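Written below as structure tokens is the structure these notes are about.
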Amino acid sequence: MTTKLFGEPVRRREDQRLITGRGRYLDDIGSKALAAAFVRSPHAHARIVSIDVDEALDVEGLVAIYTYEDLTGPMAEPLPVLIPHPQLHAPRTGFPLANGEVNHVGEPVVMVVATDRYVAEDACDRIVVTYEELPVVVGVDAAREAAHAVHEEIPDNVAARHHQETGDVEPVLASSPRTLSFTQYIERSACMPMEGKGVHAKWDPDDSSLRVYTSTQASTSVRAAIAAKLELSLDAVEVIAPDVGGGFGVKIVHPWPEELLVPMAAINLRHEVKWTEDRREHFIGSAHERQQRQEITVGYDDDGRITALDVHIWHDNGAYTPYGIIVPIVTATQLVGPYAIPVYRVVVESVFTNTVIVTPYRGAGRPQGCYAMERTMDRIADELGLDRSVVRERNLIQPDQFPYDHHLTFQDGRPVIYDSGDYPGLLDKLKDLVGWSEAERLREEAEARGRLLGVGMAMYVEGTGPGPYEGGHVQVLGSGKVLVSTGLTSQGQGHETAFAQIVASELGVPIEDVEVTTGDTRRFGYAVGTFASRAAVMSGNAIALAARGVREKALRIAADVLEASPEDLEIDAGLVQVKGVPGTSIPLRTVAVLSNPLRYAFDEAAKQATQFAKAGDDDKPPVAEGDAPGLEHRDYYSPIRSTFASGAHAAIVEIDPATWEIDVVKYAVVHDCGNVVNPMIVEGQVHGGVAQGVGGALYERMAYDADGQLQNASFMDFLMPYASEVPDIDIDHQQTPSPLNPLGIKGAGEAGVIPGTAALASAIEDAVGRRIAAMPISPTELYDLVRSPDSEMTATAGRRAGTGVMA
Amino acid sequence: MKPAPFRYADPSTLGEALAVLSDEGAKVLAGGQSLLPLLSMRLAAPATLVDINRIPDLDAVEVTDDAVTVGALVRHDALLRHGGAAAVQPLLGRATANVAHPAIRNRGTTVGSIAHADPSGEMTSVLALTDGSVTVATTAGSEVVGWRDFFVGPLETSIPAGAVVTAATFPALPPRSGTAFAEVARRKGDYAVCGAGVVVTLSEDRRVERVLASYVSVGLTPEVHDLTEAVAGSPAEKADWAAAGALARTLVDPDTDIHASADYRRLLVGVLTERTLADAAAEAGARAARE
């Protein structure tokens, strides 16, 4: 590599556009489009008795009203179960518009199209839907108890029973020197991208083609879904993800009802139609994640080494299961983290509730798994009177144990085999970074100031970059521009920069010459999507392979011109030259011109490539057999299995024992995502992840009441942390390259969020000496906990009281 | 989240505004920081919005030795930065500093938030604590209404239909007095889970003579609690402020919501009372020494 930008903190080239208001988001498109708005269910569970639209018909500017009765063909069928699984025995999905029954507040019932959104909402207000209310199931415990059923024909509310085991857990538990059991809870939160969902569709009746812009994480698959549901040929449908203002998982789900209904209306009305989700719709009509009840039994010896782990999780999947059981599988398989667990059994029962659907939100089941495993480590340490880091250290997979096979099956259907890592290294760095050994001194200092101080830590391993594949296309133009495209989409992660760095490094061209396009099916039709921390691993490697293909072709053509052997050539700063012979060179852009023999000259560059420009060999065709015109290459990367990133977080909290306010005074992160394309982007990803981790641990929850009404469906009451609530973050890096892919990289997108809840629960428990078994936790809940006669004092707190360190 | 249709009027005199306000379902728009979200969520659908921002002379802060009078178009931020106002009634600056975030303080008006009568608003509580009043204009003329007669319930005042609140008047801090204001909020700038404003007045011999407190997000309307009996006659620097906090806890009747239980709010009433009284007493002592 001659232009060494791989690994450099190159400034994000997209930021200039995005932060100066020149991004092009969904709502910036189609100023003349008709607007769609939806009548959504106000009830969590009800039968639709009647829909009366008469009052709405007088609204000036009304264009169309659609109910389920207006849907035909595949549109009248249930939405797809996107990822089927044999253990998902009772999948259920909704319809694009409710068909007789609603199962959560916010489910779309009627679509109105009007001249603008104001008018569309006026019409919605006048539509009268009569409901017969049904009993409501809210929360994982109610679903488990199954006094009522969400779907009548599924009386136990269980959609799936996901089960994996690596041996016979019961005899090992029975013979373990020690065991402990506990139950804990984790609550719902949600992705909350700054930009909600949105769809714009335009039908061209002259050539019978449809162009759809959608704020999605998976444009190629949305395209296929639209074609299937609207019975169009795939080649008649283009789907483009414009600038997308955050995704975090919610936009990987597809097709959302609106992604089908808006194009349907555009075709039907012969007019472009747009729907832009508002914040309340996003709260009640998108997706949430994270609620689980976790029942854990662990066997261990007197040194704290785990002998067996038995986990039974009840996972709230909301009203429907369009995304299958990906989140339960990820929890089940990622729970074991960096530890060698001799025998492990996990059962995740995924249950229906009358609430918004549950699909991946950054971390996608991993924060829950980490919470289960790490809190188990804390409990073992507490029982044995050992330092929490020591118990972890004794159970870690060692660096010489890679590849390490957990004998589990991951979300991609592939074995959970850790490719590389250095977990003791992470732990050592973390202890240094946070000052773990100083904790007791800090605790005493804080006590003197009237504050309760606690420290906590959590470690994780994250399977990233699952297949099946991504592709990349690299093309050098006669102008010297290098066009790069990949099918997966961007939501602000910095793909334009990272992919350009890879191409600049692989091809030896200035990064300024590289232009990157993502998520546009016109440019690249084959892709899977942006999720599971896979963009850099999957598209990054595919693009690198494509760039290598271009380089090889460029050297071959240049070798001919320079009368040299390709092995003697290099490309640097856009110039192909003979190594060590300055002046013997040809610009890459000229190679691009020569790669495409022309009949017609339309500019000076093209003139060089025409058939009379240079003496040809009359015995050879202008384009060699097996070759193709143009300096371009398309390639794909398809991994044998996921690559496993890892990390460790530690938090120090101070608590005001009068108000029970919780202050995160230090937050330390050690992070290992293999080779790093751009450390600035990785740190940004860690920062954003930690912010969401702190949010999930201390602030955010979905406050459903017993009737299934979401009481905090606005940014006023849903407490996403402000910058003022996010602690300063100290980061240290470790790099154990992945042996699985050409660039040696692992995913980094989700890591920051994973251990937040576990580490903060540990720190708060350490500070107050009471067992924390439900997260998130707020000051009012902490106040209830510390004064409740039923709350359990930790053994550590008892020992401290006994020794007088902290009475 | 788009408002229902409404008529918009932007009169240039108070008289014109009052004329439009006499229409059925008319509502005053000042800073819009509470009203516009309510409109967007269709929780309110006034027939007419009367935008008073073009009416001259409503944006003045008038400071006399006895009181600070704040016009209907004075933004929170202007009051926060008004040194003269703070000198006469320090609670004004201290409380407005706790109102939301800068972007909201730049737009939102102090009088508007009082007229909105949200018990989670800081300035409703300060109007009560300072024994303030509002000036209410109708086509029949203007009248001054004391805070006790003004606040009727949450988001409800005694202001008649067609009237507009043109000013709020906050009496000056009495001699030998000090104030303090503190809040506990889930996030910086959020509506307080609980807020406390206090005034401590000392006697000539620097003993506690009078202790008043008013709370934010506690109760349905602003109230002023007299905590004097807990600490009356104590030397300012030795007063048992915890006793005053304990008394306060018995006087309030907070509600539970998704952010805090009633018990937790009561706890905070005690803690914030104790903490703010200590600060206010210190200030009272310092002011007494200067006076």
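When residue A:778 is tested against (1) within 14 Å of another protein chain (Cβ to nearest Cβ); (2) within 25 Å of the chain's Cα centre (by Cα), just one condition goes unmet, and that condition is (2).
The selection criterion, being assigned by TED's automatic domain parsing to the domain that holds residue A:483, within 25 Å of residue A:24 (Cβ to Cβ) and outside any loop (DSSP other than H, G, I, E, B), holds for residue A:500. Cβ-Cβ distances below 7 Å connect no pair with a first residue in segment A:453-465 that is over 18 Å from residue A:426 (Cα atoms), a second residue that is surrounded by fewer than 24 Cβ atoms within 10 Å (Cβ to Cβ) and β-branched (Val, Ile, Thr), and a separation of six or more residues or different chains. When residues in segment A:719-741 are screened for being surrounded by fewer than 24 Cβ atoms within 10 Å (Cβ to Cβ) and either more than 14 Å from chain B (Cβ to nearest Cβ) or polar (S, T, N, Q) (or both), 13 of them pass. Highlighted here are the strands (runs of 3 or more DSSP E) found entirely within segment A:529-608 that include at least 3 residues which are touching a strand residue (DSSP E or B) at 6+ places or on another chain (Cβ under 7 Å) and at pLDDT 90 or above: A:575-578, A:585-587. Taking residues in segment A:271-287 that are more than 14 Å from chain B (Cβ to nearest Cβ), and partners anywhere that are crowded, with 19+ Cβ neighbours inside 10 Å and among the hydroxyl-bearing types (Ser, Thr, Tyr), the pairs with Cβ atoms closer than 6 Å and at least 6 places apart or on different chains are A:287/A:359. Looking across segment A:634-667 at every residue that is within 13 Å of residue A:694 (Cβ to Cβ) and within 14 Å of chain B (Cβ to nearest Cβ), the one that is surrounded by the fewest Cβ atoms within 10 Å (Cβ to Cβ) is identified as A:663. If you go through segment A:516-540 and pick out every residue that is surrounded by fewer than 24 Cβ atoms within 10 Å (Cβ to Cβ) and of a type in the set (Gly, Ala, Ser), you end up with 1.
Here segment A:503-528 is the region considered, the condition is being of a type outside the set (D, E, K, R) and part of a helix (DSSP H, G or I), and the residue that is farthest from residue A:671 (Cα to Cα) is A:507. Would you check if there is a residue in segment A:354-372 being touching a helix residue (DSSP H, G or I) at 6+ places or on another chain (Cβ under 6 Å), part of a helix (DSSP H, G or I) and either in the same structural domain as residue A:41 (by TED's automatic domain parsing) or polar (S, T, N, Q) (or both)? Yes, some residue in segment A:354-372 is touching a helix residue (DSSP H, G or I) at 6+ places or on another chain (Cβ under 6 Å), part of a helix (DSSP H, G or I) and either in the same structural domain as residue A:41 (by TED's automatic domain parsing) or polar (S, T, N, Q) (or both). Does residue B:182 meet the test of being over 20 Å from residue B:131 (Cβ atoms) and either among the basic types (Lys, Arg) or out of contact with any Phe, Trp or Tyr (no Cβ under 9 Å at 6 or more places or on another chain) (or both)? Answer is yes for this residue. Among the residues of segment B:224-248, those identified as assigned to a loop (DSSP other than H, G, I, E, B) and either on the phi < 0 side of the Ramachandran plot or touching a residue at least 60 places away in the same chain (Cβ under 8 Å) (or both) are B:224, B:227, B:232, B:234, B:239, B:240. Within segment A:742-761, identify whether any single residue is under 22 Å from the mean Cα position of the chain (by Cα) and surrounded by fewer than 21 Cβ atoms within 10 Å (Cβ to Cβ), and answer yes or no. Yes, that holds for at least one residue. Restricting attention to segment B:167-191, the residues being more than 10 Å from chain A (Cβ to nearest Cβ), part of a loop (DSSP other than H, G, I, E, B) and not basic (Lys, Arg) number 4. Looking at A:81, A:137, A:113, A:150, just one residue is touching a helix residue (DSSP H, G or I) at 6+ places or on another chain (Cβ under 7 Å), at pLDDT 95 or above, of a type in the set (Val, Ile, Thr) and assigned to a loop (DSSP other than H, G, I, E, B), and that residue is A:137. The listed residues are B:272, B:247, B:267, and the only one of them that is away from chain A (no Cβ under 12 Å) and within 30 Å of residue A:777 (Cα to Cα) turns out to be B:247.
Tell me, yes or no, whether segment A:138-146 has at least one residue that is of a type outside the set (S, T, N, Q), crowded, with 18+ Cβ neighbours inside 10 Å and farther than 29 Å from residue A:756 by Cβ. So far as segment A:138-146 goes, no, none of its residues is of a type outside the set (S, T, N, Q), crowded, with 18+ Cβ neighbours inside 10 Å and farther than 29 Å from residue A:756 by Cβ. Only one entry in B:104, B:52 is at pLDDT 95 or above and farther than 20 Å from residue B:189 by Cβ, namely B:52.
Only residues that are crowded, with 24+ Cβ neighbours inside 10 Å and out of contact with any His (no Cβ under 7 Å at 6 or more places or on another chain) were counted in segment B:185-198, giving 6. Answer yes or no as to whether residue A:34 is buried (at least 19 other Cβ atoms within 10 Å of the Cβ) and within 27 Å of residue A:684 (Cβ to Cβ). Spelling it out, it is not the case that residue A:34 is buried (at least 19 other Cβ atoms within 10 Å of the Cβ) and within 27 Å of residue A:684 (Cβ to Cβ). Filter segment A:319-345 down to the residues that are of a type in the set (Phe, Trp, Tyr) and assigned to a loop (DSSP other than H, G, I, E, B), then identify the one that is farthest from the chain's Cα centre (by Cα). Top of the filtered list is A:320. If you go through segment B:199-222 and keep only what is of a type in the set (Gly, Ala, Ser), surrounded by fewer than 24 Cβ atoms within 10 Å (Cβ to Cβ) and over 14 Å from residue B:288 (Cα atoms), you end up with just B:219.
Considering segment A:668-718, and only residues there that are among the acidic types (Asp, Glu) and under 30 Å from residue A:419 (Cβ atoms), the residue that is farthest from the other protein chains (Cβ to nearest Cβ) turns out to be A:672.
Answer yes or no as to whether residue B:61 is crowded, with 19+ Cβ neighbours inside 10 Å and touching a residue at least 24 places away in the same chain (Cβ under 8 Å). It is false that residue B:61 is crowded, with 19+ Cβ neighbours inside 10 Å and touching a residue at least 24 places away in the same chain (Cβ under 8 Å). Those residues that are touching a Pro at 6+ places or on another chain (Cβ under 9 Å) and within 14 Å of chain A (Cβ to nearest Cβ), I need them from segment B:192-216; list them, please. Once the filter is applied, which keeps residues that are touching a Pro at 6+ places or on another chain (Cβ under 9 Å) and within 14 Å of chain A (Cβ to nearest Cβ), segment B:192-216 yields B:193, B:194. Tell me yes or no: at least one residue of segment A:268-276 is surrounded by fewer than 24 Cβ atoms within 10 Å (Cβ to Cβ) and in a helix (DSSP H, G or I). Checked against the condition, which is being surrounded by fewer than 24 Cβ atoms within 10 Å (Cβ to Cβ) and in a helix (DSSP H, G or I), segment A:268-276 yields at least one hit. Filtered by the rule that a residue be small (Gly, Ala, Ser), within 29 Å of residue A:212 (Cβ to Cβ) and part of a loop (DSSP other than H, G, I, E, B), segment A:12-63 gives A:21, A:23, A:30, A:31, A:33, A:41, A:61. In segment A:637-746, counting only strands (runs of 3 or more DSSP E) that sit wholly within it, the ones holding 3 or more residues that are under 21 Å from residue A:186 (Cα atoms) span A:643-655, A:662-672. Report yes if residue A:258 is within 14 Å of chain B (Cβ to nearest Cβ), assigned to a helix (DSSP H, G or I) and of a type in the set (D, E, K, R), otherwise no. In short, no.
Filter segment B:130-140 down to residues that are touching a Pro at 6+ places or on another chain (Cβ under 8 Å) and of a type outside the set (Val, Ile, Thr) and give me whichever is surrounded by the fewest Cβ atoms within 10 Å (Cβ to Cβ). Filtering first and then ranking leaves B:131.
The values are calculated or read from the model by the stated rules, or taken from the named source; none is laboratory data. Nothing here was measured: the structure is a model prediction, and the numbers come from that model. Note that each Cβ is placed from the backbone with ideal geometry, even for glycine, and that neighbours are counted across all protein chains shown.
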